[in-house]
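J.: This is the structure I have questions about; it appears just below.
The values are calculated or read from the model by the stated rules, or taken from the named source; none is laboratory data. Please read all numbers here as calculations on a predicted model, not as lab measurements. Cβ placement follows ideal geometry from the backbone for every residue including glycine, while neighbour counts extend to all protein chains displayed. All accessible areas refer to the heavy atoms of the entire protein, side chains included, with ligands and DNA or RNA removed. Shrake-Rupley method; radii C 1.70, N 1.55, O 1.52, S 1.80 Å.
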Amino acid sequence: MNTEQSAESNCSPNRCSVSTPEGNDLKSGALKRTPFSKFKRVNSNFKSPLQVPETAKVSPAEEVAELEKRREQLDTEIAQLEAEGCRVEELEHHIDMLHEYNDIKDIGQSLLGRIAAVRGTTTRELYSQFDLELDD
């Protein structure tokens, strides 16, 4: 069986099979599954990017102590802000207003994008036409 014949696929409506090179054909480079790579270990084991190195792991007791320390810091910050006259209700109102502002800004950006598409221009050019600043 030569390389051309071994690389042919036989397909029918219910089944599709692909033959692979046999014997010496594999040595000649026909139909290799792994492309040439400058890296030495192309077929090395997968290493998750989320793994934590052994030195970074802490015991549950240390983690609890760290969290309690962080809680104390946050409680101190809250007390300081309250002493300066900040109120939770006021903060919540500002957060709600920021959400509304962001929603309106998103709608405006969407409209600018649609206008730019209709006019065949960029949104950057529309900013100057409508006297808007790019930093907005």
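J.: For Phe130, Phe46, give me the order by solvent-accessible area with a 1.4 Å probe, most accessible first, ignoring ligands, DNA and RNA. All intermediate terms of the calculation are to be shown ahead of the outcome.
T.: Details: Phe130 95, Phe46 170 Å².
Final ranking, largest accessible area leading: Phe46, Phe130.
J.: Please compute the modelled spin-label separation between Glu92 and Arg124, points set 7 Å along Cα→Cβ, answer in nm with one decimal.
T.: Label at Arg124, label at Glu92, 4.4 nm between them.
J.: Rolling a 1.4 angstrom probe over the protein heavy atoms, how many square angstrom per residue are accessible across the stretch 53-136?
T.: On the way: 7640 Å² over 84 residues.
On a per-residue basis, the stretch 53-136 sits at 91 Å².
J.: Rounded to the nearest 10 Å², what accessible area does Glu68 have for a 1.4 Å probe in the complete protein model?
T.: Accessible area, nearest 10 Å²: 110 Å².
J.: Further question: Lys and Arg at +1, Asp and Glu at -1: add these up for the other residues within a Cβ distance under 12 Å of Glu68 and post the number. Could you put the intermediate results ahead of the total?
T.: Details: positive: Lys69, Arg70, Arg71; negative: Glu62, Glu63, Glu66, Glu72, Asp75.
Spelling it out: positives minus negatives among the neighbours equals -2.
J.: Using a 1.4 angstrom probe on the protein heavy atoms only, line up Thr76, Thr122 by accessible area, largest first.
T.: Thr76, Thr122
J.: Which one, Gln73, Ile104, Leu91, is farthest towards the positive end of the dipole of the stretch 61-130 when Lys and Arg carry +1 and Asp and Glu -1 on their Cβ?
T.: Ile104
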